């Protein structure tokens, strides 16, 4: 199972993509050195699906929502909503999608294959093919807007002091992030990841965007668990307590710029 296949099979579908979004936002804030334009022959055509079967998921079905990348450029999604496709394709959150009709929360089953069976090997390629699918089969069009809204700043709880569970990454460890729920417990395991990645991972659990203001460079690893917000009489601490006592971090409420995805047009999928 490839890294991206494993990523899609987990409930925390957006984690690595959100981390990629944090890297992209950081990169945009810096002025890059001029780069020579690539030769026309080196340009690669955008990855897209050549064949895609899209069917409404049977209402009586009991299969869980699932998305997988398979060999030969295949993408198979079961009981997956259009809202989820938009969220992954555009690196956003449900709360930042505006103008959506109610039917985008209805589940679909999708079986698609890329042109020439080109393999999908990175999250960026997955975004590319999903956006193409949305545009071609759902007539999806959108624009972005920005507004001020509530965010969290991820900071050190005490200057220069790391928590006991937050360790500098060991040499040679592979970057990995997972965030899974089991009953009333949520477990987060992070290996060789930057603070920007960690801030991005915390967004869904914190309920609002999280910006890295720790001032920490380098990569870190940890594994912690906390009580789910839905847990009743849990003996586990809250996310905020775990951040403070085990990682030496805190989330401070602040104001920031939020990017909204505004849907201009979207339609039920065209026929197969």
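Quick notes
- Some residue of region 190-205 being outside the structural domain of residue 88 (by TED's automatic domain parsing) and farther than 30 Å from residue 261 by Cβ: yes
- Per-region count, region 167-182, residues closer than 24 Å to residue 258 by Cβ and modelled with pLDDT of 85 or more: 0
- On inspection, residue 224 does not qualify as touching a strand residue (DSSP E or B) at 6+ places or on another chain (Cβ under 8 Å), without any contact (Cβ under 8 Å) to a residue 24 or more places away in the chain and buried (at least 17 other Cβ atoms within 10 Å of the Cβ).
- Criterion: crowded, with 18+ Cβ neighbours inside 10 Å and either more than 18 Å from residue 260 (Cβ to Cβ) or in contact (Cβ under 8 Å) with a residue 60 or more places away in the chain (or both) - qualifying residue of 121, 80: 80
- Residue within region 128-151 that is buried (at least 19 other Cβ atoms within 10 Å of the Cβ), under 30 Å from residue 247 (Cα atoms) and at pLDDT 90 or above present: yes
- Breaking point among (1) modelled with pLDDT of 70 or more; (2) part of a helix (DSSP H, G or I); (3) buried (at least 17 other Cβ atoms within 10 Å of the Cβ), for residue 103: (3)
- Meets criteria (more than 30 Å from residue 102 (Cα to Cα), at pLDDT 95 or above and either outside the structural domain of residue 136 (by TED's automatic domain parsing) or surrounded by 15 or more Cβ atoms within 10 Å (Cβ to Cβ) (or both)) for residue 185: no
- Counted residues, region 166-180 - those being surrounded by 15 or more Cβ atoms within 10 Å (Cβ to Cβ) and closer than 23 Å to residue 234 by Cα: 2
- Matching entry among 78, 122, 114 (being within 15 Å of the chain's Cα centre (by Cα) and more than 21 Å from residue 204 (Cβ to Cβ)): 122
- Members of region 89-100 that are surrounded by fewer than 21 Cβ atoms within 10 Å (Cβ to Cβ), outside any loop (DSSP other than H, G, I, E, B) and in contact with a helix residue (DSSP H, G or I) (Cβ under 8 Å, 6 or more places away or on another chain): 94, 97
The values are calculated or read from the model by the stated rules, or taken from the named source; none is laboratory data. Since we're looking at a predicted model, the values are computed, not measured. In this analysis, Cβ positions are derived from the backbone assuming ideal geometry, glycine residues included, and neighbour counts consider all displayed protein chains.
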